[in-house]
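Data block below; observations after.
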Amino acid sequence: MAELQEIKLGYSAAATPRTTVKVDTNCGVVSVTIVGERENNKLFPLITLHDFGFDHESQFRSLERSGEDADKFFAQFVTYHIDLPGCEEDAGDVAGPYPSLDELAGIIVHVRSSLSITDPIVLLGVGAGANIAMRYMVKHTRTVVGVILVEVTNDSETWTKWTQDKITDLIMKPSDVVTARTRTPGELASSLLDKHFGRTASPTHILTDCRQYLTQRMLTSLNIKNLGLYQQSFYQRKPIPSTDFTEKTVVPALVISGKQSWRNDASIDARAELQTSGKEVTLLEPSPCYLLPLEEASKKSAISMMLFIQSIGIGLSAGLTSGASLQSAYKRVENPVEMKDPVVV
């Protein structure tokens with residue numbers, strides 16, 4: 001049995017019990033933050049996986065604090081926020097090569113075993129974390145009841161993308177290419193966030209505030225070197241073979257991608273691959289939404305997630321009727337989702 005060590009106890013904004021534990025896994029010791037009452041057998045297990053450049057706190061804080069619909073969603077679960085190796089607060093440097101995405105998916109197996117999670121789980125992954133969630137799903141389908149994939153991709157980094165990044169780096173910072181000098185923490189944080197936000201000004205104040213928050217968190221609480229290693233592991237990924245997406249390996253899924261996001265095309269392609277299994281795969285494209293749906297469209301995301309888990313038999317008593325739809329639910333939200341293209345298929 002993997003090692004389990006409780007290290008602190010606190011409370012979320014909703015006064016929900018919040019405990020952080022250390023779990024020994026195939027990728028070393030990882031930090032898992034548990035939100036909710038584990039002894040309540042009426043609650044389902046939800047496991048979250050964050051994107052590169054984030055930890056669980058920075059990734060899901062906007063969603064958790066977005067209001068009543070998010071409260072209803074999380075009230076159905078005991079949530080297990082996994083901080084991937086070296087991405088937790090005050091982490092030391094990761095020793096040795098950083099795990100591949102397939103190896104990172106294996107962490108979920110050890111977390112379930114160590115924390116005695118025997119019920120089927122719901123997976124919530126963002127970006128690289130969504131890709132990891134899919135890798136776990138196709139190998140351990142019987143343990144998963146549904147997946148929520150935010151800005152998911154199942155492609156690989158092409159030579160074109162790699163060359164574009166190198167040329168841009170040469171133009172923007174030629175001295176770094178020539179002298180290979182050591183970058184300051186601030187430069188490392190900026191470089192890492194450029195992969196999410198680009199080098200131009202953010203199109204909305206929400207994204208500007210988010211970038212400032214992430215920069216501050218990286219510089220004060222997180223190990224930027226480890227965050228970069230996670231990013232490199234994601235860039236070295238190989239696509240999940242299309243033959244792996246079958247009726248026996250795919251569960252009902254919700255895909256969320258901002259209409260104006262640079263990952264939108266890739267998310268639509270990933271959704272199409274999941275649909276080849278014959279399982280229901282819902283697509284939500286909030287607009288305007290450029291990069292981070294959980295920040296830019298937190299209320300819309302929370303509503304769609306609540307309706308999704310209701311459709312798979314979770315949360316029927318959480319205040320939404322069985323006949324509710326995304327279209328009707330969005331009437332309660334300002335600036336409703338763009339409906340020119342199909343949102344639910």
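If the Cβ limit is 6 Å and pairs must be 6+ apart or interchain, which residue in segment 77-104 that is more than 16 Å from G53 (Cα to Cα) pairs with which residue that is aliphatic (A, V, I, L, M)?
F77/L43; F77/L46; V78/L43; T79/V35; T79/L46; Y80/V32; Y80/I34; Y80/I47
From S267, S233, S261, S277, grab the single residue that is of a type in the set (S, T, N, Q), under 19 Å from G127 (Cα atoms) and assigned to a loop (DSSP other than H, G, I, E, B).
Among S267, S233, S261, S277, only S261 is of a type in the set (S, T, N, Q), under 19 Å from G127 (Cα atoms) and assigned to a loop (DSSP other than H, G, I, E, B).
Please pick out the residue among S242, S261, S257 that is assigned by TED's automatic domain parsing to the domain that holds H140 and free of Cβ contacts under 8 Å to residues at least 60 places away in the same chain.
Answer to the selection: S242.
Here are R211, R237: which of them is touching a Leu at 6+ places or on another chain (Cβ under 7 Å), free of Cβ contacts under 8 Å to residues at least 60 places away in the same chain and charged (D, E, K, R)?
Unique residue meeting the criteria: R211.
Check off (1) hydrophobic (A, V, I, L, M, F, W, C); (2) modelled with pLDDT of 95 or more; (3) more than 21 Å from I82 (Cα to Cα) for W159 and give me the number that stays unchecked.
W159 satisfies every listed condition except (2).
Go through segment 87-117 and give me each residue that's of a type in the set (S, T, Y) and farther than 19 Å from T143 by Cα.
Y98, S100
For W262, which of the numbered conditions (1) surrounded by fewer than 20 Cβ atoms within 10 Å (Cβ to Cβ); (2) at pLDDT 95 or above fails to hold?
(2)
Every residue in segment 281-318 that is touching a residue at least 12 places away in the same chain (Cβ under 8 Å) and of a type in the set (S, T, Y), please.
Once the filter is applied, which keeps residues that are touching a residue at least 12 places away in the same chain (Cβ under 8 Å) and of a type in the set (S, T, Y), segment 281-318 yields T282, S287, Y290, S298, S301, S304, S311.
Among (1) touching a Leu at 6+ places or on another chain (Cβ under 7 Å); (2) closer than 27 Å to G198 by Cα; (3) of a type outside the set (S, T, Y), there is one condition V122 misses while meeting the rest; what is its number?
So the condition that V122 fails would be (2).
Does S113 qualify as being under 20 Å from E151 (Cβ atoms), surrounded by fewer than 24 Cβ atoms within 10 Å (Cβ to Cβ) and not assigned by TED's automatic domain parsing to the domain that holds H196?
no
With the checklist (1) hydroxyl-bearing (S, T, Y); (2) more than 13 Å from the chain's Cα centre (by Cα); (3) not in a helix (DSSP H, G or I) in hand, flag the one item Y136 doesn't pass.
(3)
For segment 63-90, name all the residues that are in a loop (DSSP other than H, G, I, E, B) and closer than 22 Å to C210 by Cα.
To start, the set of residues in segment 63-90 that are in a loop (DSSP other than H, G, I, E, B) comprises 65-67, 75-76, 84-90.
Selection gives R65, S66, G67, L84, G86, C87, E88, E89, D90.
Looking only at segment 110-133, which residues are of a type outside the set (A, V, I, L, M, F, W, C) and in a strand (DSSP E or B)? Full working, then the answer.
Initial filter on segment 110-133 (of a type outside the set (A, V, I, L, M, F, W, C)): 110, 112-114, 116, 118-120, 125, 127, 129, 131.
Correct list: G125 only.
State all residues of segment 80-131 that are charged (D, E, K, R) and within 20 Å of L43 (Cα to Cα); if no residue qualifies, say none.
Residues satisfying the conditions are R112, D119.
Take V250 and tell me if it is farther than 18 Å from P286 by Cα, touching a helix residue (DSSP H, G or I) at 6+ places or on another chain (Cβ under 9 Å) and touching a residue at least 12 places away in the same chain (Cβ under 8 Å).
Judged against the criteria, V250 is a match.
The values are calculated or read from the model by the stated rules, or taken from the named source; none is laboratory data. Predicted model only: the values in this text are computed from it and were never measured. Because the Cβ atoms are built from the backbone with ideal geometry, glycine has one as well, and the counts that use them run over all protein chains shown.
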